[in-house]
Every structure is written in structure tokens, then in C-alpha cells.
Number of protein chains: 2
Amino acid sequence: MLTLFHHPMLASCRFVRLAFGEYGEELALIEEKPWTRRKEFLSLNPAGSLPVLLAEGDVPIVGAQVISEYIDETRGVLKRERRLFAEDPMQRAEIRRLVDWFLTKMESEVTRHLVRERVLKPMMPDTLGGGAPDSAAIRAARANIRQHLKYINWMAGTRHWLAGTRLTYADLAAAAAISTLDYLGEIDWREHNAAREWYTRMKSRPSFRSLLNDRVRGLSPVSHYADLDF
Amino acid sequence: MLTLFHHPMLASCRFVRLAFGEYGEELALIEEKPWTRRKEFLSLNPAGSLPVLLAEGDVPIVGAQVISEYIDETRGVLKRERRLFAEDPMQRAEIRRLVDWFLTKMESEVTRHLVRERVLKPMMPDTLGGGAPDSAAIRAARANIRQHLKYINWMAGTRHWLAGTRLTYADLAAAAAISTLDYLGEIDWREHNAAREWYTRMKSRPSFRSLLNDRVRGLSPVSHYADLDF
């Protein structure tokens, strides 16, 4: 069994868990608090960032997108119509663009700030940047959620799955980000029916189960978080 | 001939030009000022970011890493020992980690800030965020350069090329970032002999020529910028 260093409330880590989950492969999970900069962890990844996969031979593979390419090269290519990636280079580029949209752009405009202010800072010691949440950062991030939800709603309404007719990494990346925000009650599902219908389908997948069981100490999810018929 | 929407002082754009240059393929370049958010450009890339490649059939491919995967899938695989990527999934992961290091981590810690404050802000109208450079941002970025130079120096001293025995995307990404900073005179080459020797080799490659000819209006490069024997 491979090992993933992760944090349950980081979208990039959830994305990797979903990808392995879709291929029916279990992972040993080690929760890493990224702000502690543990020496042993830095020796695996000098950048100190998550996720890190210990792959075959305990070689560290660093970063969600790098791991997803590795999964595709070593597992995905063998999965035929269950492959989470396309064959065609142009379609692959579109899937990669969307993964980057949700794990980099939405992350830097929305997700990172809400997770830092609402989840991580209350756990971090003051000396490492912990403390009271910055309400201006929270307000700015909340103002940006709507355009991302609208984008998902538009894609889900026209394409069935976000990158086309098949479930791909694009869906996993979007659902990873949305699920983190939904835990925190930051998603207003009214007026986004296509997105909601798409997310209901995502949540019902067996790969999603472990994400819906995640709990952060001292911070319960909203009541509909794990509800498959919300 | 394919078309690249780029800015000459963005490392991510320089990286893509180097990759096509190494494969001997010319690009039509269109300089895009990212802060103007032109409607026609946003229709190619709703994120408004650079670079964007108009590939075969004028299909837009968005983002440096996505473009580099596309180049590998459509060109690289045919290049045998001139391929800028490895065959082995683990080695591919290591190359991707390094590309991400230089185009995302170093970008967010160093390059983006110096380019914004010293190159872009003086060109931008006040209403779109232009104006006097923020000296605190410049100081913070400068403080971070050294660790990245040390990392390059360590790799160049032990591996010949940054990811091993062959020239790969890792070298192109590092050289793209370094060349932008070197234009601005931000690199102190003393005490980093292995990095300097590696960068001299990179600069001497035909693919580098067009980068060394880049000039930004009103901002001349340091005297050694285009000097192959600096």
C-alpha cells in the first residue's frame, strides 16, 4: 500500500485521494501539519508542501498535479473507459487546464484563504502565524466563490461531466475544492442547480466516502456535508 | 507556425519559448499585457493568464506546464535522445517537481514580485494597479533569491544537468526564471560557480538567442545579460 502525506482540509490532497479511490486503490494516510516544517518531512519534500506520495520503492512524488500524472502513467493507461484522463493531447490539455483552475486559481482566490483563516490558524501556535482569523481575508475569499460556482454550473449544465462525456481529473479537482468549502458551509447551493446535481453525483461515488467521513477537531461540518440527498 | 501569447519578462512564457526552440520550431509571438484583460484574449483563456498557445486548429492551450505536456505528447515523444522529458514515470515526476519549483514556488517567492514591481507597474496605468514600486515587496523577494540560487548551484554541481545526465524541462524552467532576474541585475553570480557554469551552457544554446535579444522599453538589461562569457 502506498502512503500519502496529506491534510484532510486541503483540496489538493483530497484530489489525490479521489484519484486513487476511483481506481480502487487504498492509501495509507499520514496527516501532516504543514506549518510545523518537520525535518523528516522536509527531507521528503524540501518545499514543505502537501501532498507528498511515497510511491513504489518509497520514492517521494511531490504535488497534486505531479502525482496525478504519475497515477495516469502507472495506472490510468491500463483502465480503458474508466481512465480519468483522455487519450487525445488536446483533450488532455483541457483537463489539465481545469485541474489547474480548481487547484491553483480557485485555491489562490478562495480555498486557501478560507482554510487558513477558519481551519488552520485556530490550530497553529501564535509563534507560527496562528491566532484570530483575518476577517478581511475571509470577506475577500467569499466574494470570489460565486464566479467559480457559476463556472462549474455552466460546465455541468452543458457537458454532463466537467470536461466532457466522461468523469475525469477535472471533476475530481473541482469536487475536491468544493467539498472543502462545503464542509465549512461556504457554498450557497441555491441558484446553482446544475452544479448541485453534478456534486450530488460526485458525492455518491464510493471514492468520496472517506472524504465525507473526514472531521476536523473542534470544527463540525455543516449538517448537509455528508448528506447524499441534500 | 503556432502562435504564443506571451510577455517577454514572464518566466513561464520564456520556458515555453525555450521548449519550442530546443525542438527547432519557430513560434509567432504576440505580446500580451496581462493587466489589460482584453476581451479577445479572455475568450481564449477566461483566467486571463499567460502563456496561451494557439495550437493546431487554433485551439488554445493554457498555462506553461500544460503547454509543456502538450509539446511532449505531440513532439517530444518523437525526439529520442533530444527529448526534454524522461521516459520513466519516476524521473518524469522529478522533472515535473523541479519545473513546478521554478515556475510556481520560485515565481511566488521571488520572480513575480520583482517583475511586477520593477517591470510591470511602471507600465501600468494607476487605475489598474500601476505606480511606484513597493520597496518592501522588492526587499522580501530579494531576500528569497539566495536559497533558489543555492539549490540550483547544488544540483548543477552534482548532476551536470539539473534533473540528471540530460537536458530536460527542469533546466529550461530554471533558466527561464534565472534569465528574467538576470536581465534585472538581481542575480549575484559570485559564490555560485556551478550555477554560473550551468547557466553559461544554457545561454550558449541556440534556443536562448531570442531571449537574450528581448528588451523591455525603458529598462535596459544589466551589461552581462546577453554576454555568453560573463
- Please state which of the following conditions B:LEU128 fails to meet, knowing it meets all the rest: (1) under 17 Å from the mean Cα position of the chain (by Cα); (2) in contact (Cβ under 8 Å) with a residue 40 or more places away in the chain. (1)
- Message: With in contact with a Cys (Cβ under 8 Å, 6 or more places away or on another chain) and within 14 Å of another protein chain (Cβ to nearest Cβ) as the only criterion, which of A:LEU44, A:LEU50, A:LEU54 stands out?
- Response: A:LEU50
- Inter-residue pairs, beta-carbon under 6 Å, first free of Cβ contacts under 8 Å to residues at least 40 places away in the same chain and in region A:19-30, second assigned to a helix (DSSP H, G or I) and open to solvent by less than 40 Å² (accessible area, probe 1.4 Å), 6+ apart: A:LEU27/A:PHE20
- Task: State whether the residues of region B:126-148 include one that is under 30 Å from B:GLU25 (Cβ atoms) and modelled with pLDDT of 95 or more.
- Result: yes
- Message: So, in region B:3-45, how many residues would count as being surrounded by 15 or more Cβ atoms within 10 Å (Cβ to Cβ) and over 16 Å from B:ARG112 (Cβ atoms)?
- Response: 17
- Query: Got at least one residue in region A:112-120 being open to solvent by 10 Å² or more (accessible area, probe 1.4 Å) and within 11 Å of chain B (Cβ to nearest Cβ)?
  - Reply: no
- Of all residues in region A:9-26, which are within 17 Å of A:VAL66 (Cα to Cα) and touching a strand residue (DSSP E or B) at 6+ places or on another chain (Cβ under 7 Å)? A:CYS13, A:VAL16, A:ARG17, A:PHE20
- Could you check how many residues of region B:174-230 are basic (Lys, Arg), assigned to a helix (DSSP H, G or I) and either open to solvent by less than 60 Å² (accessible area, probe 1.4 Å) or within 18 Å of B:PHE20 (Cβ to Cβ) (or both)? 3
- Cross-chain or 6+ apart pairs with Cβ under 7 Å, region A:69-87 first and within 14 Å of chain B (Cβ to nearest Cβ), then of a type in the set (Val, Ile, Thr) and part of a helix (DSSP H, G or I): A:PHE85/A:ILE95; A:ALA86/A:ILE95
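Name the residue that is nearest to the other protein chains (Cβ to nearest Cβ), counting only residues in region B:88-108 that are more than 17 Å from the chain's Cα centre (by Cα) and touching a residue at least 40 places away in the same chain (Cβ under 8 Å).
Within region B:88-108, the match that is nearest to the other protein chains (Cβ to nearest Cβ) is B:GLU94.
Condition check ((1) part of a loop (DSSP other than H, G, I, E, B); (2) surrounded by fewer than 18 Cβ atoms within 10 Å (Cβ to Cβ); (3) of a type in the set (A, V, I, L, M, F, W, C); (4) within 18 Å of the chain's Cα centre (by Cα)) across all residues:
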{"position": "B:ALA132", "(1), (2), (3), (4)": "yes, yes, yes, no"}
{"position": "B:ILE138", "(1), (2), (3), (4)": "no, yes, yes, no"}
{"position": "B:ALA141", "(1), (2), (3), (4)": "no, no, yes, yes"}
{"position": "B:LEU149", "(1), (2), (3), (4)": "no, no, yes, yes"}
{"position": "B:ILE152", "(1), (2), (3), (4)": "no, no, yes, yes"}
{"position": "B:GLY157", "(1), (2), (3), (4)": "no, yes, no, no"}
{"position": "B:LEU167", "(1), (2), (3), (4)": "yes, no, yes, yes"}
{"position": "B:ALA170", "(1), (2), (3), (4)": "no, no, yes, yes"}
- Message: For A:ALA64, only one of the following conditions fails: (1) within 13 Å of chain B (Cβ to nearest Cβ); (2) under 30 Å from B:SER43 (Cα atoms); (3) open to solvent by 20 Å² or more (accessible area, probe 1.4 Å). What is its number?
- Response: (3)
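Residue under question is A:GLU191, and the condition is that it be among the acidic types (Asp, Glu) and either closer than 25 Å to A:GLU69 by Cα or touching a Lys or Arg at 6+ places or on another chain (Cβ under 8 Å) (or both); does it hold?
So A:GLU191 fails the test.
The values are calculated or read from the model by the stated rules, or taken from the named source; none is laboratory data. Just so it is clear, the model here is predicted, and its values are computed rather than measured. Backbone-built Cβ (ideal geometry, glycine too); neighbour counts: all protein chains shown. Note: accessible area is taken over every heavy atom of the protein model, side chains too, but ligands, DNA and RNA are not part of it. Shrake-Rupley method; radii C 1.70, N 1.55, O 1.52, S 1.80 Å.
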